[in-house]
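J.: Handing you this structure, nothing more for now.
Values quoted throughout were computed directly from the atomic coordinates according to the rules given, and no laboratory measurement underlies them. This structure is a prediction, so every number in the text was calculated from the model and none was measured. Here the Cβ positions follow ideal geometry from the backbone for every residue, glycine too, while neighbour counts run over all protein chains shown.
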Amino acid sequence: MIKLPQLRKRTFRSLFELKPYLDEINDQVERPEYIHHDPVQFMHRFNEKCDCEIAGFFAATMAWGRRDIVVAKVDDLLKRMNMKPYNFVMNYTPSDYERFLTFRHRTIKPIDIHGIILSLQNIYRNHEDLEAFWKISYLKGKELGRPFLAIFHEDFFRMCDDAEVRTRKHISNPEKGSTCKRLYMFLRWVVRKNSTVDLGIWDFIPASELLVPFDVHVARQARRYGLVTRRTNDWKTVNELTETLKLMNPGDPARYDYALFGIGALGYELPKRFVLNRV
């Protein structure tokens, strides 16, 4: 087995030399034009909070692979809901299942859509809205000293007796080591304020507590520029990255998702002198 060299970590001083460049890329990427190519667009299509959060939750859950394919699939799904996600969820019955019989996206099958809809239906029937349900998980996590997304995972599927075991893998659990990229992308959309992209319609958690949505593009750039030392894409690594980014922006570390994604997937570049590791 070939032993990979240890990753070098950026010093505190050099981190702040890098900061202006990352901030500039953030400003270039986080613009209205970004919306039209990203699944976040589906939240912008609705005015009512419940429609926004349901559309956003499905868009984030399905955010695997190329963005254009994800956008097309989410659009297809919402059209099967008559572009009225809250009304459809609240009035969903087993007879509506046939609407999804021909729907597929990667490993997401009709039975998974069915289970998620039933969980959402029970959440809205028993709570003020989806945010109120998340808030309970957040407070319970604080009390128990557990990641609140693990609580959310448990409580979400507790709301539906008809959810298949296979459906559970589509809602990440940090206690299984997952980076929870799609859940934190959804939370970025609904929590961050004063953004032209993120809607900031939820208040149960401050932006300072959001972790960075950690995909392959972000992971590669985080290692290349010495923002993390771990080579495994897991819960510990996304926490390490977020703690590093908090040094540059304590109140909104997740904003650097735009810069790291922009460098990794959109062709933005940093001066070569900032590269610390070959990855």
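J.: Restricting to DSSP H runs of at least four residues, report the calculated mean residue ellipticity at 222 nm for the chain, -39500 (n - 2.57) per run over all residues, nearest 500 deg cm²/dmol.
T.: -16000 deg cm²/dmol
J.: OK, next. Based only on other Cβ atoms within 10 Å, what is the fewest-to-most ordering of ASP198, ASP252?
T.: Going from sparsest to densest Cβ surroundings: ASP252, ASP198.
J.: Separate question: Give me TRP64, TRP134 sorted ascending by neighbouring Cβ count inside 10 Å, so fewest comes first.
T.: In order of increasing Cβ crowding within 10 Å: TRP64, TRP134.
J.: With a 10 Å radius around each residue's Cβ, average the other Cβ atoms per peptide and rank 53-62, 29-38, highest first.
T.: For the peptides 53-62, 29-38, the packing ranking is 53-62, 29-38.
J.: Another one. Can you tell which of ALA219, ALA72, ALA259 shows the greatest fluctuation in a Gaussian network model of the chain with Cα springs below 10 Å?
T.: Its mean-square fluctuation being the largest, the pick is ALA72.
J.: With a ≥ b ≥ c taken as the square roots of the eigenvalues of the C-alpha gyration tensor of region 144-229, please select rounded if a/c is under 1.5 and otherwise prolate if a/b is larger than b/c or oblate if it is not?
T.: Verdict is oblate for region 144-229.
J.: Within region 11-55, report the trypsin sites (Lys or Arg not before Pro) that DSSP leaves as loop and that have at most 15 other Cβ atoms within 10 Å.
T.: Those satisfying the criteria are ARG45.
J.: Cα gyration tensor of region 12-274, axes a ≥ b ≥ c as square roots of the eigenvalues: rounded (a/c below 1.5), prolate (a/b > b/c) or oblate?
T.: Cα axes put region 12-274 in the prolate bin.
J.: Shifting gears a bit: Tell me, how many Å apart are the Cα centres for region 187-240 and for region 11-73?
T.: Cα centroid to Cα centroid, the span is 11 Å.
J.: Now, a different point. Using alpha carbons only, how many angstrom separate the centre of region 132-158 from the centre of region 115-131?
T.: With region 132-158 and region 115-131 each reduced to a Cα centre, they are spaced 15 Å.
J.: Quick one: grab the alpha carbon gyration tensor of region 23-68, order the square roots of its eigenvalues as a ≥ b ≥ c, and give me rounded if a/c is under 1.5, else prolate or oblate depending on whether a/b is larger than b/c.
T.: Because a/c hits 1.5 or more and a/b fails to exceed b/c, region 23-68 counts as oblate.
J.: Same structure again: List LEU4, LEU15 from most exposed to least, where exposure is judged by having the fewest other Cβ atoms within 10 Å.
T.: Fewest-to-most Cβ neighbours within 10 Å comes out as LEU4, LEU15.
J.: I've got another one for you. Pairs LYS169/LYS236; LYS3/LYS181; LYS193/LYS236: which are spaced more than 21 Å apart, C-alpha to C-alpha?
T.: Beyond 21 Å between Cα atoms: LYS3/LYS181; LYS193/LYS236.
J.: Just the number, please: Stokes-Einstein D of region 123-279 in µm²/s, Kirkwood Rh from C-alpha pairs, 20 °C, 1.002 mPa s.
T.: 128
J.: Dipole of the chain, Cα-centred, from +1 at each Lys and Arg C-beta and -1 at each Asp and Glu C-beta, to the nearest 20 debye?
T.: That gives a dipole near 1440 debye.
J.: Still on this structure: Say a paramagnetic label sat at a point 7 Å from the Cα of PHE274, along Cα to Cβ; which residues of region 1-23 have their backbone N under 11 Å from it?
T.: 15-23
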